[in-house]
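Worksheet: the structure to be examined is printed underneath.
Just so you know, all these numbers are worked out from the coordinates, no wet-lab data involved. All figures in this text were calculated on a predicted structure; none of them were measured in a lab. Cβ atoms come from the backbone with ideal geometry, glycine included; neighbour counts cover every protein chain shown.
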Amino acid sequence: MKENEQNTGTVKTLNDLAQLVDYSFMDTLNFDPEAKVNGVDHAPRQVFTGHYVPVKPTPIEDPEYIVHSKNLFRELGFVDSLAKSDDFIRMFSGDLNNLPEPMRKVGWATGYALSIYGTEYYQQCPFGTGNGYGDGRAISVLEAVINGRRWEMQLKGSGQTPYCRGADGRAVLRSSIREFLAQEHMHALGIPTSRSLSLFTSKTQKVKRPWYTKGSHSKDPEVMIDEAVAISTRVAPSFIRVGQIELFARRARKNEHPKAMEELEKIVLHLIDREYSEVIEHDFSIQKKVLLLAQEFRTRLTSLVANWIRVGYCQGNFNSDNCAAGGFTLDYGPFGFCDLFDPEYQPWTGGGKHFSFLNQPNAAERNFFVFCSALQPLLNSDENALAQLDEIRNDFPEFMQIEMKKMWASKLGFDTYNAILFRELAMLMMKTSVDYTIFFRELSQIPDEIEALKKSFYTDINHNEGLKKSWSDWLVKWKVHVNAASPKSREKLSQRMKLVNPKYTLREWHLVPAYQQASSGDYSLIKELQEVMTKPYAEQSKDVEEKYYSLKPSELFKVGGISHISCSS
């Protein structure tokens with residue numbers, strides 16, 4: 001792989017981009033021997049071996065440009081005009097037929113296994129074997145080394161693959177807008193994530209999806225609606241998932257075919273090359289590489305989840321197949337940013353408490369245990385290495401707790417975590433029904449009285465003297481603990497806290513009008529949200545503050561499609 005090559009020029013055309021391609025996944029790993037070389041392989045079927053299936057995307061009809069990531073374009077050296085060029089639109093809406101060489105006219109889809117909260121599942125595979133579960137509507141179409149960094153570009157909603165399980169392989173405009181903006185926002189929040197490149201919709205092509213009637217309080221959708229299809233391009237160093245490593249480990253464990261162990265080793269080494277080469281030396285032994293991989297992934301995963309909680313993000317469906325092995329946020333399906341502070345907040349009606357807001361550290365632990373179990377077959381000949389892997393795995397809760405304490409301390413402006421003050425605050429926040437984002441941002445102003453904090457309260461405490469006193473007492477103790485006595489120390493503390501407590505988060509009730517207007521061809525709110533949510537820590541205009549820094553209207557609580565979702569395809 002050629003990570004050391006540099007792109008010092010500007011990418012103005014696909015011809016420029018074509019000079020930077022390097023398809024390491026397809027060139028170094030095994031393809032499914034039963035696959036079709038031309039990539040016309042769209043019907044559900046079992047895939048018994050190989051790391052990928054060559055698949056040709058199915059273009060959307062009459063593609064229309066909606067938006068692109070100006071920030072990512074700038075990082076990649078792409079000129080903004082490229083996003084609206086005819087050949088770029090064709091490629092990133094699924095048509096690979098006329099690409100300049102050495103770009104390839106066929107993409108690739110991958111299989112993976114599923115564990116839910118640490119338990120292996122097979123029934124999601126239509127064959128009951130685990131050989132038909134994987135990228136059902138996501139097809140990678142490009143790998144390129146740009147400015148010394150490797151990027152993989154993947155089209156979501158680009159049609160059926162052998163893993164589609166009978167579905168149509170499409171993403172709809174609504175969910176594509178959500179994912180595009182969420183990836184932009186999370187990156188701006190400083191949280192590792194897959195990135196957004198571009199978003200296109202079809203002017204004519206629609207599919208039916210279950211959804212809620214207006215104002216519905218139903219848990220499940222009641223109607224089928226027509227929705228425009230869309231393709232978003234997401235970008236990451238790789239899209240290797242914990243579930244992907246798990247699939248090859250299951251096959252190796254069961255000795256399902258002669259190359260099972262070889263394929264497990266190859267995918268693990270490829271993961272290290274793609275995601276961990278800066279910390280794991282190429283000439284280390286396989287045992288040392290595997291142990292360092294487990295340690296580094298533990299570091300990344302614990303930090304990631306603590307940062308999710310820092311900004312009020314809930315993944316909603318944190319299965320092993322939705323957990324990136326590179327330690328970043330991957331799938332934006334039933335995600336949500338909490339309004340009301342609730343440890344059991346869960347935006348997805350099918351998710352349960354095991355994937356709820358403050359249970360995400362436990363869900364991460366289960367995924368990490370799955371990851372370590374998947375690495376175990378590579379160490380079976382070395383008892384000492386197996387013992388070390390067990391130690392790394394068993395230490396996950398301790399490392400997770402350290403990250404959580406660091407995170408809560410930073411949100412509260414503490415130098416070190418104060419368990420008593422934090423527990424008191426958490427109880428008060430639940431009793432008072434506090435807006436999570438607004439509260440911590442207002443606390444970052446270092447208020448003298450609780451009046452400023454009331455901006456974040458959904459409950460009116462003016463006639464509850466006991467609760468008012470509890471808040472006042474807590475604020476006094478907090479200010480003593482953070483040493484906010486002098487104006488200089490207050491200003492320094494405030495600046496520090498504002499760097500970890502965002503002013504703006506991507507709330508669902510802000511997203512809904514954006515995708516509703518987009519369904520009528522008005523994309524202005526998408527671009528407005530993109531502008532606001534890529535500066536989440538900044539003090540923005542008064543108009544922006546009034547619109548996006550306020551409590552959720554009471555009539556929107558418990559409304560389907562706003563407070564909860566059951567499908568976001």
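Note the full-extension length gain between Lys353 and Phe422 as 0.36 nm times their separation in residues minus their Cα-Cα distance, in nm to one decimal.
22.6 nm
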Gain on full stretching of the segment that runs from Glu222 to Lys203 - 0.36 nm per residue minus C-alpha separation:
4.2 nm
Picking from Val480, Leu506, Ser470, whose Cα lies most toward the positive end of the charge dipole for the range 418-569 (charges on Cβ: Lys, Arg +1; Asp, Glu -1)?
Val480
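Once you list every other residue whose beta carbon is under 13 Å from the beta carbon of Met430, what net charge do they have if Lys and Arg are +1 and Asp and Glu are -1?
Numbers: positive: Arg423, Lys431; negative: Asp342, Glu344, Glu424, Asp435.
Neighbourhood net charge equals -2.
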Ala167 and Ser489 label points (each 7 Å along its Cα→Cβ direction) are spaced in nm at 5.4
In whole angstrom, the spacing between the Cα centers of the range 187-244 and the range 438-470 equals 36
Using 0.36 nm per residue, how much length does the chain from Phe557 to Glu278 gain when fully extended, once their Cα-Cα distance is taken away?
95.9 nm
Take the Cβ-Cβ distance between Gln46 and Glu344 as r, set R0 to 45 Å, and report the resulting FRET efficiency rounded to the nearest 0.05.
0.70
Counting only residues 5 or more apart in sequence or on a different chain, those whose built amide H sits under 5 Å from that of Ile146 are Trp151
Tell me which residues come under 5 Å, amide H to amide H, from Tyr345 once H is placed; ignore anything under 5 positions away on its chain.
Phe357, Leu358
Could you tell me how many degrees, from 0 to 90 and to the nearest 10, lie between the Cα long axis of helix 524-533 and the main elongation axis, the longest principal axis, of the Cα atoms of the chain?
70
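Suppose every Lys and Arg Cβ carries +1 and every Asp and Glu Cβ carries -1, with no other charges. What dipole size does the range 250-395 come out with about its Cα centre, to the nearest 20 debye?
300
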Per the charge dipole of the range 391-438 (beta-carbon charges, Lys/Arg positive, Asp/Glu negative, Cα centre), the residue among Pro397, Met429, Asn418 reaching farthest to the positive end is Met429
Just check the chain against the gyration tensor rule for me: Cα atoms, a ≥ b ≥ c as the square roots of the eigenvalues, rounded for a/c under 1.5, and otherwise prolate or oblate depending on whether a/b exceeds b/c.
prolate
Which of Phe414, Phe328, Phe368 comes first, and how do the rest follow, when ranked by fewest Cβ neighbours within 10 Å?
Phe414, Phe328, Phe368
Sorted from fewest to most neighbouring beta carbons within 10 Å, what does the list Arg165, Arg149 look like?
Arg149, Arg165
Among Lys84/Lys203; Lys492/Lys552; Lys503/Lys535; Lys498/Lys542, the pairs whose Cα-Cα distance exceeds 20 Å are Lys492/Lys552
Please compute the contact order of the chain in relative form: average sequence separation of alpha-carbon pairs under 8 Å and at least six residues apart, divided by the residue count, as a percent.
14
Counting each DSSP H run of 4 or more residues in the chain as -39500 (n - 2.57), what helix-only mean residue ellipticity at 222 nm follows after dividing by all residues, to the nearest 500 deg cm²/dmol?
-12000 deg cm²/dmol
What does the highest-first list of 153-163, 488-498, 130-140 look like by mean Cβ count within 10 Å?
153-163, 130-140, 488-498
GluC sites (Glu not before Pro) within the range 417-454: which are DSSP loop residues with at most 11 other Cβ atoms inside 10 Å?
Glu449, Glu451
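Using the Cα gyration tensor of the range 1-101, with a ≥ b ≥ c the square roots of its eigenvalues, what is the shape: rounded (a/c below 1.5), prolate (a/b larger than b/c) or oblate (neither)?
It comes out oblate by the Cα gyration axes.
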Cα-projected label distance for Asn71 with Lys266, points at 7 Å along beta-carbon direction, nm
3.7
Pick out, from Leu330, Leu264, Gly243, the residue whose Cα sits farthest towards the positive end of the charge dipole of the range 215-332, with +1 on the Cβ of Lys and Arg and -1 on the Cβ of Asp and Glu.
Leu264
Among Phe284, Phe439, Phe422, rank each residue by its count of other Cβ atoms within 10 Å, from fewest to most, as a rough exposure measure.
Phe284, Phe422, Phe439
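Does the range 411-516 come out rounded, prolate or oblate, given a ≥ b ≥ c as the square roots of the eigenvalues of its C-alpha gyration tensor, rounded meaning a/c under 1.5 and, failing that, prolate meaning a/b above b/c?
Since a/c reaches 1.5 but b/c is at least a/b, the shape of the range 411-516 is classed as oblate.
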Which angle between 0 and 90 degrees, to the nearest 10, do you get for helix 383-394 versus the longest principal axis of the chain when only C-alpha atoms count?
40
How high is the relative contact order of the range 418-569, in percent, with contacts defined as C-alpha pairs under 8 Å that are six or more residues apart?
23
When the dipole is taken about the Cα centre of the chain, and only Lys, Arg (+1) and Asp, Glu (-1) are charged at their Cβ, what size is it in debye, to the nearest 20?
920
Explain nothing, just the number: dipole magnitude of the range 120-202 about its Cα centre with +1 on each Lys and Arg Cβ and -1 on each Asp and Glu Cβ, in debye rounded to the nearest 20.
160
What ranking do 252-258, 285-291 get when scored by the average of other Cβ atoms within 10 Å per residue, highest first?
285-291, 252-258
Does anyone have the angle between helix 286-310 and the longest principal axis of the chain? Alpha-carbon axes, 0 to 90°, nearest 10?
40
